[in-house]
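Report on the structure given below.
Only the coordinates and a few stated rules stand behind these numbers; no lab work does. Keep in mind it's a predicted model, so treat the numbers as computed, not measured. Please note: Cβ atoms are built from the backbone with ideal geometry, for glycine as well, and neighbour counts cover all protein chains shown.
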Amino acid sequence: MKTYGLIGKNLSHSFSKPFFEKKFENESIIDSEYLNFTLSKIEELPNLISSLPDLCGLNVTIPYKEEVIKYLDKLDQTALEIGAVNTIKIHRTKNRTELVGFNTDIFGFENSIKSHINSKIKKALVLGMGGAAKSVAYVLKKFSIDIIFVSRNANSKNCISFENLSQEDIQKSQLIINTTPIGMFPDCENFLKIPYQFIGKEQLVFDLIYNPSETMFLKFSKQNKAKTINGLKMLELQAEESWKIFQQPLEKNYTFGK
């Protein structure tokens with residue numbers, strides 16, 4: 001039995017396990033299983049890999065998309081450029097086990113938002129600065145959209161703090177994207193403390209969270225007539241892309257750069 005799984009924290013309500021279980025059933029994939037592996041710290045990863053010889057691939061979620069890189073043997077060129085990994089292909093030979101990191105968040109985000117991008121969208125606020133934010137920024141740059149990051153700690157010239165987020169910052173940004181886990185199930189009543197009154201009908205608001213389907217962040221934005229999108233399609237697309245990576249021969253399809 002080939003084993004695949006998800007590593008992260010607080011995985012009891014994660015998207016990946018039910019998605020892949022349904023996929024296996026619908027596509028009559030009978031030789032595979034998908035499990036959740038809750039890690040209290042990323043240092044537990046090597047033991048997980050060595051203890052499960054049938055483990056063939058992993059998806060990576062909060063908070064390990066950046067931390068996991070130090071445990072990988074190679075990175076896909078895109079993952080190397082971004083500095084974040086959400087998919088690990090485990091390549092085993094008789095003498096060694098090799099872990100190769102990829103980023104399919106890029107594929108998922110780009111293909112879930114590109115139909116909504118138009119010439120009017122020139123600036124974006126990206127809320128958060130973790131691994132998901134890096135993937136989002138990579139895609140927005142492809143669309144030539146200028147980015148300002150918003151974080152608890154403003155530590156660069158293109159980053160401002162949440163407490164300093166102004167009316168001008170919001171109104172000059174045609175796209176606002178939440179990449180943080182704030183408002184995710186089961187903490188559904190929580191929300192980012194930003195001045196929602198300055199969001200309007202000319203703006204597109206995207207939340208990478210899919211559960212609940214409408215976060216308080218999206219709800220408040222919709223009340224001000226903004227167009228809103230949740231993260232479900234992005235997650236479905238990135239999951240399918242990760243499955244393709246798990247199934248493809250390693251040496252024939254990728255260039256590595258670590």
Filtered residues of segment 121-179 (kept if closer than 21 Å to PHE198 by Cβ, crowded, with 19+ Cβ neighbours inside 10 Å and of a type in the set (Ser, Thr, Tyr)):
SER173, THR179
Considering segment 214-238, residues that are in a helix (DSSP H, G or I) and touching a strand residue (DSSP E or B) at 6+ places or on another chain (Cβ under 7 Å), and then whichever is farthest from LEU127 (Cα to Cα), we arrive at LYS222
Can you work out which of the residues in segment 90-111 that are in contact with a strand residue (DSSP E or B) (Cβ under 7 Å, 6 or more places away or on another chain) and surrounded by fewer than 23 Cβ atoms within 10 Å (Cβ to Cβ) is nearest to LEU140 (Cα to Cα)?
VAL100
So how many residues does segment 40-67 have that are within 22 Å of LYS2 (Cα to Cα), within 18 Å of the chain's Cα centre (by Cα) and not small (Gly, Ala, Ser)?
4
